[in-house]
Structure formats: C-alpha cells, structure tokens
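Working notes, structure below.
The values are calculated or read from the model by the stated rules, or taken from the named source; none is laboratory data. These figures come from a predicted structure and were not determined experimentally. Cβ placement follows ideal geometry from the backbone for every residue including glycine, while neighbour counts extend to all protein chains displayed. The protein model used for the area step is the full one, side chains on, heavy atoms only, and it has no ligands, DNA or RNA in it. Shrake-Rupley method; radii C 1.70, N 1.55, O 1.52, S 1.80 Å.
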Amino acid sequence: MTTRTITRRVRGMPTSDGAGVKLTRVIGQPTLDSLDPFLLLDEFGSDAATDYIAGFPDHPHRGFETVTYMLDGRMRHRDNHGNSGLLESGSVQWMTAGRGIVHSEMPEQEHGLMRGFQLWVNLAAKDKMSQPRYQDIAPDKIPAVEPAPGVKVRVVAGAVFGTRGPVDGIAIDPVYLDIALEPGAKLSVPLPEGHSAFAYVFEGDAVQVGAEVLGLRELGVLSKGDVVELAATADAKAARVLLVAGRPLNETVARYGPFVMNTPEQIVQAMQDYQAGRF
Ligand code: MN
C-alpha cells in the first residue's frame, strides 16, 4: 500500500469571470496551470449579491466537461439546445460539453449566500467531439456515508466505503468527495493508484494530510498512491475538504478560454464553428 503525500501546495487567486462574478481560481492560474485531467477549479462564495448577481450570461464550451457543485444558493442553467435546469444547494451538475454548447449560468436569487465550486475536466481526443450530455443530480441523490466516527462523506463520483456516487459514464473514472471531519476525526480514503488527485480545505482551519497540514483555502496536489490519510486535529474547528481524483489523459492540450482541444488548428476550428452558430 502506498500512502499519498502532498507534493505541492497552491493558494487560489482572486479573479472574476462571466459578467463580473467574483471567485477564487485555484487550478487554471499561473501557480497551477492544470493538473491533468483537471483544467480549472474555481471556488465562489459570497453573501453580497453584487459579487454574483451578474452571473455567467451566454458563453460556449467545447472539448471538456464542467462540474458545478453548489454548496449554497441556486443557479439556473440554460443552453442553446433547449436544456434547462436548476442547481440548488447540495446539487451537482456534471456537464459534458463535447462538441459544443452555448449556455448561461445565472443566479436564481437576489440575496443570500451563494457558494460552490466549478471544476473543468478535460476530455480525451476521441471524446472531444462527442454529443453533449448532462448529469443533473439532486441533493438527495448524492449518498452521504459515515465511514468513521465524526466523518461524513458525500460521494458525488467514484466508489468508496462500499458506496458508489451517482455520476456515471465519465471516461477519466473520477472520484469526487465532499468530506466533513469533526475535531479529532480521521479517515483513510482509498484512491485509484495512478489517478491525479488533490485535496482542498474549504471549511475549518486546517486538515492533516499524511504528516503535513493543509490550511484553509489551500490546495494540496497529492503524490501517486492508493490511499490518503486525512485527520482533523482535536483542538481545531470542524473541517471540510474536497477530495478529487481522475485518470490523467497524457495528451497535448491546446486551450483558449472556453475551448480546450489538442491542437491550435482545432482551436481555430472551434472559434469558427462557434461564430457560425454550429455549436
Ligand atoms: Mn459555463
């Protein structure tokens, strides 16, 4: 058995996107450009409507997947193929953009807390032009397990502790876990050995990962291995960690804004197809 350790620590960068939504970019910024197959991780969280109200009006995506995990608040999603859905607190949307969609993601609230994550997952060359697909998963469809005293795990994707998350049919075989630890609680989480993986602390003060401590809003890139040991120190606050893993693609990446392909020519093609209304 090989225990995973932290190989790199990253703090997010404050930025804004869409029509001016304030967020913290943790993956997809100069300090951590990507972590194959993950292209971007944004954390958003504010109870000031001015930080989020403008939302993300119509914009395209091609060649990858967007995963939106809502912790608090409500977001309305609509695309140019007639799909629409409401992402409410505790829900997840795994959207495979494939060959292309144009969509909007707009807050469906005018006040109160809006908080969550968006993760971008790359698609293999053979899947980049696939049919777009949505997995909209309601909060009560995400199983919560208690594998150890003081530990609660919401299993969004992957199979752990005898429970399988509801997201299915994703090529990189993802593990996506929201782990809550009471003070003093500890947990060993099995992860597929060759997967890229990261842990991100989003509540509490800190979480121990192996022999090291990961602070609040700090992302730890994990070494390869088949298990990661997490612990919340006894005198600290309860903590919450996002633990995500996926099989690396090991392919060349050509990236321009909302288009992620393998070659510059394919990016030009994506822009032409978008401008010509072929998404
Ligand atoms: Mn989008």
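Here are a few things to note about the model shown:
- Residues of the range 9-30 that are open to solvent by 40 Å² or more (accessible area, probe 1.4 Å), out of contact with any Gly (no Cβ under 7 Å at 6 or more places or on another chain) and under 22 Å from Glu203 (Cα atoms): Arg11, Met13, Pro14, Thr15, Ser16, Lys22.
- If you go through the range 75-98 and pick out every residue that is open to solvent by 30 Å² or more (accessible area, probe 1.4 Å), more than 15 Å from Ser130 (Cα to Cα) and in contact (Cβ under 8 Å) with a residue 12 or more places away in the chain, you end up with 7.
- Against the conditions (1) modelled with pLDDT of 95 or more; (2) surrounded by fewer than 20 Cβ atoms within 10 Å (Cβ to Cβ), His61 satisfies every one except (2).
- Scanning the range 236-279 for residues that are in contact (Cβ under 8 Å) with a residue 24 or more places away in the chain, charged (D, E, K, R) and open to solvent by 20 Å² or more (accessible area, probe 1.4 Å) turns up Lys237, Arg240, Arg247, Glu251, Arg255, Arg278.
- Residue in the range 222-235 that is over 26 Å from Val175 (Cβ atoms), open to solvent by less than 50 Å² (accessible area, probe 1.4 Å), in a strand (DSSP E or B) and in contact (Cβ under 8 Å) with a residue 12 or more places away in the chain present: no
- When the residues of the range 119-133 are filtered to those that are surrounded by 22 or more Cβ atoms within 10 Å (Cβ to Cβ) and within 14 Å of the ligand (Cβ to nearest atom), the one that is farthest from Leu40 (Cα to Cα) is Val121.
- Which listed residue, of Ser46, Ser34, is out of contact with any Gly (no Cβ under 8 Å at 6 or more places or on another chain), away from the ligand (no atom under 13 Å from the Cβ) and polar (S, T, N, Q): Ser46
- With respect to the conditions (1) within 11 Å of the ligand (Cβ to nearest atom); (2) open to solvent by 10 Å² or more (accessible area, probe 1.4 Å), Ile101 falls short on a single one, namely (2).
- Comparison of Asp136, Asp173 shows that the only residue that is farther than 24 Å from Ala270 by Cβ, open to solvent by 60 Å² or more (accessible area, probe 1.4 Å) and either within 16 Å of the ligand (Cβ to nearest atom) or touching a Phe, Trp or Tyr at 6+ places or on another chain (Cβ under 7 Å) (or both) is Asp136.
- Tally, over the range 85-98, of residues that are under 15 Å from Gly169 (Cα atoms) and either of a type in the set (S, T, N, Q) or within 9 Å of the ligand (Cβ to nearest atom) (or both): 4
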